[in-house]
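Peer 1: Sharing a structure with you now.
A short reminder: the numbers here are calculations on the coordinates, not readings from a lab. Being a predicted model, the structure only gives us computed values, none of them experimental. Virtual Cβ from ideal backbone geometry, glycine too; neighbours counted across all protein chains shown.
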Ligand code: AP5
């Protein structure tokens with residue numbers, strides 16, 4: 001299974017990617033996580049990406065395409081993968097196609113903009129392993145402590161309301177057109193985000209035509 005997840009910031013791509021990865025036993029490749037990790041490690045990529053991320057802009061296509069090209073060569077990708085956050089522009093989608101990769105399905109998770117700010121303002125992320133929580137919808141067992149690695153939960157810097165507004169604009173301008181791009185190829189499916197994570201998961205399974 002080679003799957004692309006599309007959706008606005010905070011639509012729940014990362015949350016559903018985790019569930020699907022377990023279901024299909026394939027890795028999640030999140031360009032956002034790769035870049036955040038590079039920021040944390042202060043690598044050359046991290047330094048290049050910092051300004052873009054802080055402003056809610058996309059990192060340049062050539063940088064992200066190279067990240068994906070290298071990542072997809074790794075052994076754990078042999079049986080498929082879930083791409084979370086890539087492609088995000090038409091040139092990125094064209095580059096993926098030029099790599100001769102046959103994508104099975106593109107799942108777009110639809111959530112209205114009005115809901116996004118609430119979702120994102122409640123999001124907390126583990127500063128160590130990156131696991132994601134929500135103050136209301138996905139609480140950790142112990143307040144502010146990660147269930148997975150006991151790291152401290154923090155708020156992402158690009159989750160500030162003004163930056164989220166910018167990220168939403170960028171999504172509508174540059175990423176949403178990919179729905180038409182993949183619809184034309186006959187591989188787009190839609191799932192509507194629900195109030196509860198488990199209900200969104202049901203919609204996701206239905207859209208992909210797999211048993212829960
Ligand atoms: P990235 O990390 O990909 O951010 P994003 O697409 O903006 O998506 P998010 O991670 O914010 O949200 P999500 O949809 O995964 O939602 P989540 O599951 O966490 O990218 C960050 C930045 O990196 C970009 O701005 C860009 O600069 C750069 N970048 C990355 N990829 C790039 C690329 N290809 N090209 C160029 N630049 C790139 O859910 C959100 C919250 O809601 C969580 O707290 C969750 O618990 C909660 N929640 C989820 N589902 C539900 C539900 N159904 N009901 C209630 N709460 C829910």
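Peer 1: Relative contact order, percent, of the chain when contacts are C-alpha pairs under 8 Å separated by at least 6 residues?
Peer 2: Relative contact order here is 29 percent.
Peer 1: Which number comes out as Rg/Rh for the range 96-185 once both Rg and the Kirkwood Rh are worked out on C-alpha atoms?
Peer 2: 1.07
Peer 1: What's the exposure ranking of 1, 99, going from fewest to most Cβ atoms within 10 Å?
Peer 2: Placing the least packed residue first, the sequence is 99, 1.
Peer 1: Considering every pair of different Cα atoms, what Kirkwood radius, in Å, is found for the range 32-132?
Peer 2: For the range 32-132, inverting the mean 1/r across all distinct Cα pairs yields 15.5 Å.
Peer 1: Now for a different question. Averaging the inverse of every distinct alpha carbon separation and then flipping it gives the Kirkwood radius. What is it for the chain, in angstrom units?
Peer 2: Computed over Cα pairs of the chain, the Kirkwood hydrodynamic radius comes out at 17.6 Å.
Peer 1: Between the range 115-166 and the range 65-80, what is the separation of their alpha carbon centroids in Å?
Peer 2: Rounded to whole Å, the Cα centres lie 27 Å apart.
Peer 1: Same structure again: Using the per-residue mean of other Cβ atoms lying within 10 Å as a proxy for protection, in what order, highest first, do the peptides 134-144, 148-158 fall?
Peer 2: Listed from highest to lowest mean packing, they are 148-158, 134-144.
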